[in-house]
Each structure stands twice: as structure tokens, then as C-alpha cells.
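Working notes, beginning with the structure itself.
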Amino acid sequence: MIAGRRSVRLGGFTLIELLTTIVVAAILLAVAAPSFVAFQRNSELTSAANSLLAAMNAARGEAMKRGMNAMVIPASGTDWSTGWTVFVDVNHNREYNEATDITVLKQTAIPSYFTATAQTSAGTATSAVMFDASGYSKAVGSAAFQSATLSIARNDLSGSQKSEQTRLLVIAVTGRVRVCKPASDSTCAVTATE
């Protein structure tokens with residue numbers, strides 16, 4: 001008696017099925033990648049704005065807690081994109097001296113596709129924000145009360161897209177700091193004082 005032969009079919013994919021799947025995956029990836037980059041950069045923009053907000057609030061809190069002026073300055077010169085340093089001005093010279101002043105925090109540079117700038121309510125660029133012992137925002141060069149606006153924007157966009165990807169930190173004379181988005185908030189402008 002001859003035993004019956006069984007025909008066994010092995011499971012798997014044919015070469016055509018595998019290539020079709022790879023092509024579909026590549027098309028989906030090509031469509032999704034640009035929106036993922038935009039999502040990631042928007043998230044980084046929000047994170048940078050929130051870090052700067054936290055730095056301003058830390059400076060204000062330290063000024064009131066210690067009864068001294070506290071400042072936030074760019075990490076390098078006048079370029080806020082290089083990061084920032086928060087310190088208590090122990091020696092009252094309105095300059096950061098690592099040996100004598102109390103360093104509260106240091107923030108590293110933000111990604112290169114962001115630009116950060118600061119200006120006073122008078123429209124002049126500023127390289128420092130200072131809070132007095134009462135928590136009020138003061139001009140560094142004088143003892144006058146002063147509001148300021150810091151802007152963080154994507155520098156790889158233009159037009160309405162750039163406006164959509166911009167965040168402003170508005171520092172009121174009272175020391176209150178808020179983050180806003182100019183594209184959706186009519187009170188959010190570089191000339192805002194509250």
C-alpha cells in the first residue's frame with residue numbers, strides 16, 4: 001500500500017506582496033514626515049517659551065524672597081537664543097558675577113531654528129530683565145518701572161506660518177509674566193505692556 005501524499009503549502013509572503021507593502025509604507029512615511037517635523041518644532045517652541053516663563057518667575061520669586069534685585073540675562077552678550085541665566089544681584093552692580101552673585105538657574109541654547117529677542121516697552125532692544133525686591137519689573141540702567149516683551153519665533157518660516165509659530169512673553173511693570181500667541185490673541189503684541 002502506498003501512502004497518500006499530502007500537499008503542504010507553507011505560509012508566507014510573495015515577493016510582489018512584500019514590495020507592495022514597502023512601497024505603501026514609504027508613501028505613508030513621506031506624507032507623515034513633514035507634519036511630524038512641524039509638530040516636533042511646535043512642541044519645542046512651546047517648551048522654550050515655558051522655560052523662559054519659568055526663568056522669569058524664578059527671578060521674580062528670588063527677588064521677593066531675598067529682598068534684592070534678581071535678573072535674567074542672555075547666556076552670551078545680547079543674544080537670547082544662546083540661553084539665559086537667572087541670578088540674584090548680591091553686589092548690586094546689575095551685572096552677572098559668578099563669584100559673588102547667586103546663580104538661580106542656567107538654560108542652554110535653544111535650537112538653531114528659533115530666534116529669541118527682547119525689547120522694552122519703549123521699543124529698544126534689551127539684554128536683561130530685572131525684578132526688584134517687591135517683584136516689579138525695573139529698567140536695568142535706571143530705577144524706573146519698565147515692561148518688556150520677549151519673542152521666540154521660528155526663523156525657518158515666513159508670513160502667516162511664522163506668525164503662527166511665534167510666542168511672546170509679556171512682562172508687565174507689576175512683574176506679571178504671561179506667554180501669548182500673536183496669531184490668536186489680539187492683546188499679544190511686541191508693544192504689549194500687560
State the dimensionless ratio Rg/Rh of region 1-108 (Rg: radius of gyration of Cα atoms; Rh: Kirkwood radius). 1.59
Report the one residue of THR166, VAL37, ASN50 whose Cα lies farthest in the direction of the positive end of the charge dipole of the chain (charges on C-beta: Lys and Arg +1, Asp and Glu -1; origin at the Cα centre). VAL37
Charges at C-beta only: +1 for Lys and Arg, -1 for Asp and Glu. How large is the resulting dipole of region 15-180 about its Cα centre, in Debye rounded to 20? 440
Can you tell me the FRET efficiency between SER43 and ALA109 if r is taken as the Cβ-Cβ distance and R0 is 22 Å, rounded to the nearest 0.05? 0.80
Tell me which label goes with the value of semi-axes √(5λ) of the Cα gyration tensor in Å computed from the coordinates here: [x] 33, 18, 11; [y] 54, 20, 13; [z] 27, 20, 16. [y]
Mean Cβ count within 10 Å, highest first, over the residues of peptides 16-24, 57-65: 57-65, 16-24
Grab the DSSP H runs of the chain that are 4 residues or longer, score each as -39,500 (n - 2.57), total them, divide by all residues and round the 222 nm result to the nearest 500 deg cm²/dmol. -11000 deg cm²/dmol
Using Cα positions and a limit of under 19 Å, work out the aspartates and glutamates in reach of LYS106, with same-chain residues fewer than 8 apart set aside. GLU44, GLU62, ASP79, ASP89, GLU95, GLU98
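Rule-based calculations on the coordinates, nothing more; no lab input. Here the structure is a predicted model, which is why all the values come from computation and not from measurement. Here the Cβ is made from the backbone with ideal geometry for all residues, glycine too, and neighbour counts use every protein chain on show.
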